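Student: Okay, handing you the structure first.
The values are calculated or read from the model by the stated rules, or taken from the named source; none is laboratory data. Source: prediction; values computed, not measured. Here the Cβ positions follow ideal geometry from the backbone for every residue, glycine too, while neighbour counts run over all protein chains shown. Side chains included, ligands, DNA and RNA excluded: accessible areas come from the protein's heavy atoms. Shrake-Rupley method; radii C 1.70, N 1.55, O 1.52, S 1.80 Å.
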Number of protein chains: 2
Amino acid sequence: MNIGQASKASGVTQKMIRYYESIGLIKDVERSENGYRTYAPNDIHTLAFIRRARHLGFSIEQIQALMALWRDEARSSAEVKAIAKIHIAELQAKIEELAAMQRTLEHLVACCAGDDRPDCPIIDDLSAKAEAPAKATPARSNGRHRAQPRV
Amino acid sequence: MNIGQASKASGVTQKMIRYYESIGLIKDVERSENGYRTYAPNDIHTLAFIRRARHLGFSIEQIQALMALWRDEARSSAEVKAIAKIHIAELQAKIEELAAMQRTLEHLVACCAGDDRPDCPIIDDLSAKAEAPAKATPARSNGRHRAQPRV
DNA sequence: GATTGACCTTACCATCATGGGAACCCCCAT
DNA sequence: ATGGGGGTTCCCATGATGGTAAGGTCAATC
């Protein structure tokens, strides 16, 4: 099975299949005489595993660990669970970060008339020089740790 | 005021100040004879604006639009509000995507014994070949549009 | 006057996972 | 032999950020 077939069967793009091979996430696959990569059903299975793990937001590094456990007959489910729990915590952190932004914005939007006049609490907030906190949403610990968050 | 002072005063790293200049988000600033960038209080204000907008998760492109409105005396608050609403929707979409991952993972983790034995529903799910959906979380439309989500 | 150290400059590389495209090779059918 | 639909490698781009190296500048201290 060539890479095009493997891509369709696994749902992973050809581009990414080659990338996963190049970074060692999957082993270098057999080549036929013309240099084409040749995939066995087992390889497709592996690729689909990766696709599903990516779909759940696992990083390549985490997937590497998961695949090692997958192959390991003597694994303990505790190890797998630990990785999953870490990822859940990562997702939770990210969600909270985004939700905090959203909350602030919702508040500002609610305060903004949204008409033809230039007066705008959103702009005011962004251009504010360390004003006193608003009374409507008091002392809410919204975990601002990074000044420049990666979004 | 040199870039170091400007960085401290605005909370934007020197690196990012130069970057913002290079991409045209802020105008090329005055240079003193030795080639050092020189910042006026107004520039600091602009940088702080950018920092706060980034903190709310606005993209550089959106910030460009927000800053144009900020400078525009004849702006309508509706224009600002529109940008903010778009961003709120983006945040919402992202949050839902992550929450869907989290929900699935929570379910799998709850099903996993997490002991010394290798049997693991998490691994089983990842390596599954298009099984029937679980009954515990039925037919939930969790918006899976991208096969390989950017997380 | 010379050295030190804090500051500034540009330029390049790395991140993370992914897509796009060019230039080229291979195979099969018309 | 020509065309088309595979495949291959290599380079570049994304977005926003950090790191580092090699060098210029300045003020203070020895």
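Student: In segment A:27-48, which residues are within 13 Å of DNA strand C (Cβ to nearest atom), within 23 Å of the chain's Cα centre (by Cα) and either within 11 Å of another protein chain (Cβ to nearest Cβ) or over 19 Å from B:Ala128 (Cα atoms) (or both)?
Tutor: none
Student: If you don't mind, there's one more thing I want to ask. Which one is farthest from DNA strand D (Cβ to nearest atom) among residues in segment A:1-45 that are assigned to a helix (DSSP H, G or I) and of a type in the set (D, E, K, R)?
Tutor: If we take residues in segment A:1-45 being assigned to a helix (DSSP H, G or I) and of a type in the set (D, E, K, R), then A:Asp43 is farthest from DNA strand D (Cβ to nearest atom).
Student: Can I ask one more? Given the conditions (1) away from every other protein chain (no Cβ under 13 Å); (2) on the phi < 0 side of the Ramachandran plot, which single one is not true for A:Gly24?
Tutor: So the condition that A:Gly24 fails would be (2).
Student: Do we find that A:Val12 is within 14 Å of DNA strand C (Cβ to nearest atom), in contact with a Lys or Arg (Cβ under 6 Å, 6 or more places away or on another chain) and either open to solvent by 20 Å² or more (accessible area, probe 1.4 Å) or aliphatic (A, V, I, L, M) (or both) in this structure?
Tutor: So A:Val12 passes the test.
Student: Taking segment A:59-87, which residues are open to solvent by less than 20 Å² (accessible area, probe 1.4 Å) and within 30 Å of B:Arg51 (Cα to Cα)?
Tutor: Within segment A:59-87, A:His87 is the sole residue that qualifies.
Student: Moving on to the next point. Look at segment B:15-26 and say how many of its residues are open to solvent by less than 70 Å² (accessible area, probe 1.4 Å) and near DNA strand C (Cβ under 9 Å from one of its atoms).
Tutor: The number of residues fulfilling the criteria is 2.
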